[in-house]
Amino acid sequence: MIRARGLEKRYGDSRVLRGVDFELPRDGFLIVTGPNGSGKTTLLRLCVGLAAPTAGELEVKLERGRIGYLAHDSLVYRELTALENLDLYGRLYRVPERRERIGMLLERFGLWDARLTRAGSYSHGMLQRLALCRAFLHDPDLLVLDEPYSALDDEGVVLLERELADRRATAAFLVATHDPERLRMQATAQLSLA
Amino acid sequence: MTAYLADVRALAHKDLVLELRARDTLPAMLLFVLSTLVVFHFVLPADSSALAAKGLLWVAIVFTALLGLSRAFAAEREQGVIDGLVLAPSDRSAIWLGKAIAILAFLGLAEVVALPAFAVFFSGIDGPTVAAVALADLGICAVGTLLAGMAAASRARELLLPLLFLPLAIPIVVGGVGASVSSHTTKYLGFLALYDAVFALLAWASFEYVVTE
């Protein structure tokens, strides 16, 4: 699904990634680890198409509409409610039976009661749950998750792990994390960035 | 095509809802354009011609539009929402068109207040001026939204947008003032329409490269 050879990314004089090689098959689950500033987020941004590599080869055999991306930011409008945010993304991703799917995800991530509350009033943990709903909304074939456990409470962690287990058979995963032990059981490979 | 228009509609609707809730662009534009006209009213000598006043109307319109454009992508900058929109499978020009339509609505509303105010402070507004303002709005929003998208990605966005926008707004001012004060109204209106068509096409085709690396 993704194949990278000698991947490099520079921002001006600063080299963020150097000579990264990896492959992610259709049923793969790749964990990306490394200290702060090692280029984990940059690598994920390259893979989803939000940035272009400076050198090397990157092949992503998937349309961008089939990728679900969880970023550091929630990628939701603060002045819109959870329902309105997901409805907007559902329209743009042409999600079939949009309303039912949004309702199911909000219920599953414990946000149903707060569905009519503006995202700007959400706590960090609730925003992360909403961001996960957004990433899972269109039932993607590839999930690119940047620190998915960030800001989640214990209940949120359980919800996420259940969701990852449910989707493991139908999607490939590329996950950047500081806590690889949580995902060790599911992972098929690990990429350590220096 | 239907899907594209549905995306544009959803994006424009979202911007209108955001403004309805946050109320941080339209009230500022209204206050700015009214304040500018009041200042011009006192700056312009009492025996000045109506032609000079028409020129000032165009100054007020261009700078009011600039104020609105400077806020155009403010909501997308927060929480990195622009990344979410760019990753959606819809055509990226739909982001530009939806945003341009929303800015056009704000500018149009500001002018609904500004034009009667101009008539009160200075002189009456004639048909050619209204037509010129409507055509100029299309060009301002087409070009301005593209440039606002470019500036939003920059750290010096407050500085960059006026520097990019004002030179490209010169033909709009030339056409607008010409249509308002000249006897060759049709020629100037045609010029504005041509500007709108050319720059709308360019902005539509190039927006994808503005929001991607």
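How many residues does segment A:64-120 hold that are within 16 Å of the chain's Cα centre (by Cα), within 12 Å of another protein chain (Cβ to nearest Cβ) and not in a strand (DSSP E or B)?
Filtering segment A:64-120 down to residues within 16 Å of the chain's Cα centre (by Cα) leaves A:64-76, A:86, A:89, A:93, A:105, A:109.
Applying the additional criterion that residues be within 12 Å of another protein chain (Cβ to nearest Cβ) yields A:64-76, A:86, A:89, A:93.
Now restrict to residues that are not in a strand (DSSP E or B): A:64-66, A:71-76, A:86, A:89, A:93.
Total satisfying the criteria: 12.
Does B:Ala131 qualify as being within 22 Å of B:Asp15 (Cβ to Cβ) and in a helix (DSSP H, G or I)?
Values: within 22 Å of B:Asp15 (Cβ to Cβ): no; in a helix (DSSP H, G or I): yes.
Answer is no for this residue.
Look at A:Gly28 and say whether it is within 27 Å of A:Leu105 (Cα to Cα), away from chain B (no Cβ under 14 Å) and buried (at least 17 other Cβ atoms within 10 Å of the Cβ).
Details: within 27 Å of A:Leu105 (Cα to Cα): yes; away from chain B (no Cβ under 14 Å): yes; buried (at least 17 other Cβ atoms within 10 Å of the Cβ): yes.
For A:Gly28, the condition - within 27 Å of A:Leu105 (Cα to Cα), away from chain B (no Cβ under 14 Å) and buried (at least 17 other Cβ atoms within 10 Å of the Cβ) - is met.
For segment A:31-52, give me the residue count where each residue is within 28 Å of B:Arg92 (Cβ to Cβ), of a type outside the set (D, E, K, R) and crowded, with 16+ Cβ neighbours inside 10 Å. Lay out the reasoning, then the answer.
Just the residues of segment A:31-52 that are within 28 Å of B:Arg92 (Cβ to Cβ), to begin with: A:32, A:39-52.
Those left that are additionally of a type outside the set (D, E, K, R): A:32, A:39, A:41-44, A:46-52.
The next check asks that each one be crowded, with 16+ Cβ neighbours inside 10 Å; those that pass are A:32, A:39, A:41-44, A:46-51.
Number of matching residues: 12.
Mind checking which residues of segment B:99-128 are charged (D, E, K, R) and part of a helix (DSSP H, G or I)?
Answer for segment B:99-128, where residues must be charged (D, E, K, R) and part of a helix (DSSP H, G or I): B:Lys99, B:Glu111.
Looking for whichever is touching a residue at least 24 places away in the same chain (Cβ under 8 Å), away from chain A (no Cβ under 11 Å) and buried (at least 16 other Cβ atoms within 10 Å of the Cβ) here; the options are B:Leu18, B:Leu30, B:Leu51. Which one fits? Spell out how you get there, then give the answer.
Working: B:Leu18 fails: away from chain A (no Cβ under 11 Å); B:Leu51 fails: buried (at least 16 other Cβ atoms within 10 Å of the Cβ).
None of the other options fit; the residue is B:Leu30.
Given the conditions (1) more than 7 Å from every other protein chain (Cβ to nearest Cβ); (2) surrounded by fewer than 19 Cβ atoms within 10 Å (Cβ to Cβ); (3) over 11 Å from the mean Cα position of the chain (by Cα), report the number of the one that B:Phe63 does not fulfil.
(3)
With over 18 Å from B:Leu57 (Cβ atoms) and not acidic (Asp, Glu) as the only criterion, which of B:Ala152, B:Ala179 stands out? Steps first, please.
Numbers: B:Ala179 fails: over 18 Å from B:Leu57 (Cβ atoms).
So the residue among B:Ala152, B:Ala179 that is over 18 Å from B:Leu57 (Cβ atoms) and not acidic (Asp, Glu) is B:Ala152.
Evaluate the following for B:Leu5: is it farther than 25 Å from A:Glu79 by Cβ, surrounded by fewer than 19 Cβ atoms within 10 Å (Cβ to Cβ) and modelled with pLDDT of 95 or more? Give the steps one after another, and end with the answer.
Values: farther than 25 Å from A:Glu79 by Cβ: no; surrounded by fewer than 19 Cβ atoms within 10 Å (Cβ to Cβ): yes; modelled with pLDDT of 95 or more: yes.
Spelling it out, it is not the case that B:Leu5 is farther than 25 Å from A:Glu79 by Cβ, surrounded by fewer than 19 Cβ atoms within 10 Å (Cβ to Cβ) and modelled with pLDDT of 95 or more.
Considering only residues that are assigned to a loop (DSSP other than H, G, I, E, B) and in contact (Cβ under 8 Å) with a residue 40 or more places away in the chain, which ones fall in segment A:36-54?
So in segment A:36-54, the residues assigned to a loop (DSSP other than H, G, I, E, B) come out as A:36-39, A:49-54.
Answer for segment A:36-54, where residues must be assigned to a loop (DSSP other than H, G, I, E, B) and in contact (Cβ under 8 Å) with a residue 40 or more places away in the chain: A:Ser38, A:Gly39, A:Ala51, A:Pro53, A:Thr54.
Tally time: how many residues in segment A:123-146 are touching a Leu at 6+ places or on another chain (Cβ under 8 Å) and in contact (Cβ under 8 Å) with a residue 40 or more places away in the chain?
Our first condition is that a residue be touching a Leu at 6+ places or on another chain (Cβ under 8 Å); within segment A:123-146, this holds for A:125-126, A:128-137, A:141-146.
From what is left, the residues that are in contact (Cβ under 8 Å) with a residue 40 or more places away in the chain are A:128, A:130-137, A:141-146.
Qualifying residue count for the region: 15.
With of a type in the set (D, E, K, R), more than 14 Å from every other protein chain (Cβ to nearest Cβ) and buried (at least 22 other Cβ atoms within 10 Å of the Cβ) as the only criterion, which of B:Glu111, B:Glu76 stands out?
Answer to the check: B:Glu111.
Can we say A:Arg134 is in a loop (DSSP other than H, G, I, E, B) and within 9 Å of chain B (Cβ to nearest Cβ)?
On the way: in a loop (DSSP other than H, G, I, E, B): no; within 9 Å of chain B (Cβ to nearest Cβ): yes.
For A:Arg134, the condition - in a loop (DSSP other than H, G, I, E, B) and within 9 Å of chain B (Cβ to nearest Cβ) - is not met.
Search segment B:33-48 for residues being surrounded by 15 or more Cβ atoms within 10 Å (Cβ to Cβ) and in a helix (DSSP H, G or I), and hand back the single one that is farthest from the other protein chains (Cβ to nearest Cβ).
Looking only at segment B:33-48, we keep the residues that are surrounded by 15 or more Cβ atoms within 10 Å (Cβ to Cβ), and these are B:33-34, B:36-37, B:40-41, B:44.
Applying the additional criterion that residues be in a helix (DSSP H, G or I) yields B:33-34, B:36-37, B:40-41.
Values: B:Val33: 24, B:Leu34: 26, B:Thr36: 28, B:Leu37: 30, B:Phe40: 34, B:His41: 36 Å.
So the residue we want is B:His41.
Can you tell me how many residues in segment A:10-20 are within 24 Å of A:Glu63 (Cβ to Cβ) and either at pLDDT 95 or above or outside any strand (DSSP E or B) (or both)?
Adding up the residues that qualify gives 0.
Residues to consider are B:Ala153, B:Ala142; find the one that is among the hydrophobic types (A, V, I, L, M, F, W, C) and buried (at least 20 other Cβ atoms within 10 Å of the Cβ).
On the way: B:Ala153 fails: buried (at least 20 other Cβ atoms within 10 Å of the Cβ).
Exactly one residue qualifies, and that residue is B:Ala142.
The values are calculated or read from the model by the stated rules, or taken from the named source; none is laboratory data. The shown structure was predicted, so the numbers you read here are calculated from the model rather than taken from an experiment. Cβ atoms come from the backbone with ideal geometry, glycine included; neighbour counts cover every protein chain shown.
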